[in-house]
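Provided herewith is a single structure, encoded as structure tokens, for subsequent inquiry.
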């Protein structure tokens, strides 16, 4: 066993993977987490079925990280989607590819994987310290930790910070680390909601009747040079959320923050061409109402019909060409973003120009950052989780290189 001792602060996937990488190299590892147990946000992510990663082609997978593709790709060179599945299999967790290309554990849940992983980590020598809140550094460079028994200091030869972003504070990801790093001169991009819902400000009638209902078999895109993407989302009391909304959350959020609002376009009938929709809309409807006519000819009813009436003026229904165009490209104005703490994940964090290629803070040598506390984001679909695992692997290897030097 090495005489080196490394402290890992944060017990999510990034921190646990960093700990595993280090202990497997013979390093003494102490892992500290503020919560009564580790991996709480990870467990919540797997409550409805743990989407571990995605099976799509490597170049497409990496493109999901947008402006941060070049920063995330080196992590994935070390630990990509295939490596993550193989690692899970090494824990005895079988995986399968769903119809959407997403990868899930056979049991669907996160709890069995986390339980087996923690057992293996402890057996390897990782010491897990729960209810240890990191409070910064003492004058002599020791870590200050607030524990049930009071504040303690701990020395380490290197530190991995894997403290998450700022969403779901009750699970430990609260962004409280920001001032501690800023006091050391580390520049941090503001934390922003990612994979989040948006506020549309429905009429009382629409909200009361349709809140909680899914919009299925639709396609949406933000305003601008984007291509419609199919899927589904959910109507909430004051807006929209769900997988298809999360997929476009970055451009929608950026537009709302820049201009105060964003326009989302919804194709209510993506399986039909504009010509087919226009042909059905222009058929004589006789004494039937528009609701009956569109339900009969196009299958538009329920929440879809409600959204059509919510978003288009009464006059539009008297002009078949405009109505047909609205069905295929319905403008919905969004004028707010749901709060950061409600978001699935966060954008922003420690800027990449504040760390070297191994993730070590330039202002604080020997301290490495991993996971969501760095300034990147990704959509749901296994991308976010894969990159968190991979960044932990990268930070662990970075620590090993630094100790060896």
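Determine whether segment 102-125 contains at least one residue that is closer than 20 Å to residue 387 by Cβ and without any contact (Cβ under 8 Å) to a residue 60 or more places away in the chain.
yes
In addition: Given the residues 152, 126, which is the only one that is loosely packed, with under 15 Cβ neighbours inside 10 Å and in the same structural domain as residue 181 (by TED's automatic domain parsing)?
On the way: 126 fails: loosely packed, with under 15 Cβ neighbours inside 10 Å.
Result: 152 is the single residue among 152, 126 that is loosely packed, with under 15 Cβ neighbours inside 10 Å and in the same structural domain as residue 181 (by TED's automatic domain parsing).
Show me the strands (runs of 3 or more DSSP E) entirely contained within segment 324-386 in which 1 or more residues are buried (at least 24 other Cβ atoms within 10 Å of the Cβ) and over 12 Å from the mean Cα position of the chain (by Cα).
Details: elements: 330-334, 345-350, 367-369.
Once the strands (runs of 3 or more DSSP E) in segment 324-386 are filtered for at least 1 residues that are buried (at least 24 other Cβ atoms within 10 Å of the Cβ) and over 12 Å from the mean Cα position of the chain (by Cα), what remains is 345-350, 367-369.
Among 312, 294, 269, which is the only one that is touching a residue at least 40 places away in the same chain (Cβ under 8 Å) and surrounded by 14 or more Cβ atoms within 10 Å (Cβ to Cβ)?
Being touching a residue at least 40 places away in the same chain (Cβ under 8 Å) and surrounded by 14 or more Cβ atoms within 10 Å (Cβ to Cβ) holds for just one of 312, 294, 269, which is 269.
Kindly provide the set of residues from segment 253-270 that are under 25 Å from residue 322 (Cβ atoms) and touching a strand residue (DSSP E or B) at 6+ places or on another chain (Cβ under 7 Å), ordered by number.
Of everything in segment 253-270, those that are under 25 Å from residue 322 (Cβ atoms) and touching a strand residue (DSSP E or B) at 6+ places or on another chain (Cβ under 7 Å) turn out to be 255, 261, 262, 263, 264, 265, 266, 267, 268, 270.
Answer yes if at least one residue in segment 335-355 is without any contact (Cβ under 8 Å) to a residue 40 or more places away in the chain and farther than 30 Å from residue 228 by Cβ, and no otherwise.
Within segment 335-355 (the criterion being without any contact (Cβ under 8 Å) to a residue 40 or more places away in the chain and farther than 30 Å from residue 228 by Cβ), the answer is yes, since at least one residue qualifies.
If we scan segment 266-285, do we find a residue that is under 18 Å from residue 379 (Cα atoms) and either modelled with pLDDT of 90 or more or in contact with a helix residue (DSSP H, G or I) (Cβ under 9 Å, 6 or more places away or on another chain) (or both)?
Here is the first cut: in segment 266-285, the ones under 18 Å from residue 379 (Cα atoms) are none.
Scanning segment 266-285 turns up no residue that is under 18 Å from residue 379 (Cα atoms) and either modelled with pLDDT of 90 or more or in contact with a helix residue (DSSP H, G or I) (Cβ under 9 Å, 6 or more places away or on another chain) (or both).
Might you check whether a residue that is in contact (Cβ under 8 Å) with a residue 24 or more places away in the chain and under 21 Å from residue 345 (Cβ atoms) occurs anywhere in segment 201-218? First the steps, then the outcome.
Quick first cut of segment 201-218, residues in contact (Cβ under 8 Å) with a residue 24 or more places away in the chain only: 201-203, 206-207, 209-215, 217-218.
Next cut, under 21 Å from residue 345 (Cβ atoms) only: none.
No, that holds for no residue.
Does segment 30-39 include one or more residues that are closer than 18 Å to residue 371 by Cβ, within 15 Å of the chain's Cα centre (by Cα), assigned by TED's automatic domain parsing to the domain that holds residue 155 and surrounded by fewer than 20 Cβ atoms within 10 Å (Cβ to Cβ)?
There is no residue in segment 30-39 that is closer than 18 Å to residue 371 by Cβ, within 15 Å of the chain's Cα centre (by Cα), assigned by TED's automatic domain parsing to the domain that holds residue 155 and surrounded by fewer than 20 Cβ atoms within 10 Å (Cβ to Cβ).
Could I ask something else about it? Report whether or not residue 131 is on the phi > 0 side of the Ramachandran plot, modelled with pLDDT of 95 or more and either surrounded by fewer than 18 Cβ atoms within 10 Å (Cβ to Cβ) or not in a loop (DSSP other than H, G, I, E, B) (or both).
Details: on the phi > 0 side of the Ramachandran plot: yes; modelled with pLDDT of 95 or more: yes; either surrounded by fewer than 18 Cβ atoms within 10 Å (Cβ to Cβ) or not in a loop (DSSP other than H, G, I, E, B) (or both): yes.
Considered against the rule, which asks whether it is on the phi > 0 side of the Ramachandran plot, modelled with pLDDT of 95 or more and either surrounded by fewer than 18 Cβ atoms within 10 Å (Cβ to Cβ) or not in a loop (DSSP other than H, G, I, E, B) (or both), residue 131 comes out as yes.
Also, I was wondering about something else. Mind listing just one residue for me: the one in segment 166-185 that is assigned to a loop (DSSP other than H, G, I, E, B) and touching a strand residue (DSSP E or B) at 6+ places or on another chain (Cβ under 6 Å) and, of those, nearest to residue 302 (Cα to Cα)? Spell out the reasoning first.
So in segment 166-185, the residues assigned to a loop (DSSP other than H, G, I, E, B) come out as 166-168, 172-177, 183-185.
When the remaining residues are screened for being touching a strand residue (DSSP E or B) at 6+ places or on another chain (Cβ under 6 Å), the result is 166-167, 175.
Details: 166: 37, 167: 33, 175: 41 Å.
Ranking the qualifying residues of segment 166-185, first place goes to 167.
Could I ask something else about it? Residue check: is residue 294 assigned to a helix (DSSP H, G or I) and in contact with a strand residue (DSSP E or B) (Cβ under 7 Å, 6 or more places away or on another chain)? Working first, answer last.
Values: assigned to a helix (DSSP H, G or I): yes; in contact with a strand residue (DSSP E or B) (Cβ under 7 Å, 6 or more places away or on another chain): no.
No, not satisfied.
A further question follows. Might you let me know whether segment 97-106 holds any residue that is surrounded by 21 or more Cβ atoms within 10 Å (Cβ to Cβ), at pLDDT below 95 and over 24 Å from residue 137 (Cα atoms)? Spell out the reasoning first.
As a first pass, look at segment 97-106 and keep what is surrounded by 21 or more Cβ atoms within 10 Å (Cβ to Cβ): 103, 105.
When the remaining residues are screened for being at pLDDT below 95, the result is 103, 105.
Among the residues that remain, those that are also over 24 Å from residue 137 (Cα atoms) are: 103, 105.
Looking through segment 97-106, at least one residue is surrounded by 21 or more Cβ atoms within 10 Å (Cβ to Cβ), at pLDDT below 95 and over 24 Å from residue 137 (Cα atoms).
Related question: Can you tell me which residue within segment 146-165, out of those that are part of a loop (DSSP other than H, G, I, E, B) and touching a helix residue (DSSP H, G or I) at 6+ places or on another chain (Cβ under 8 Å), is farthest from residue 371 (Cα to Cα)? Write out each step before concluding.
Of all residues in segment 146-165, those part of a loop (DSSP other than H, G, I, E, B) come to 148-149, 155-157, 162-165.
Filter once more, keeping what is touching a helix residue (DSSP H, G or I) at 6+ places or on another chain (Cβ under 8 Å): 157, 162-165.
On the way: 157: 21, 162: 6, 163: 8, 164: 6, 165: 8 Å.
Ranking the candidates gives 157 first.
The values are calculated or read from the model by the stated rules, or taken from the named source; none is laboratory data. Just so it is clear, the structure is predicted and the values come from calculations on it, not from any experiment. Quick reminder, even Gly has a Cβ in these numbers, built from the backbone with ideal geometry, and neighbours come from all protein chains shown.
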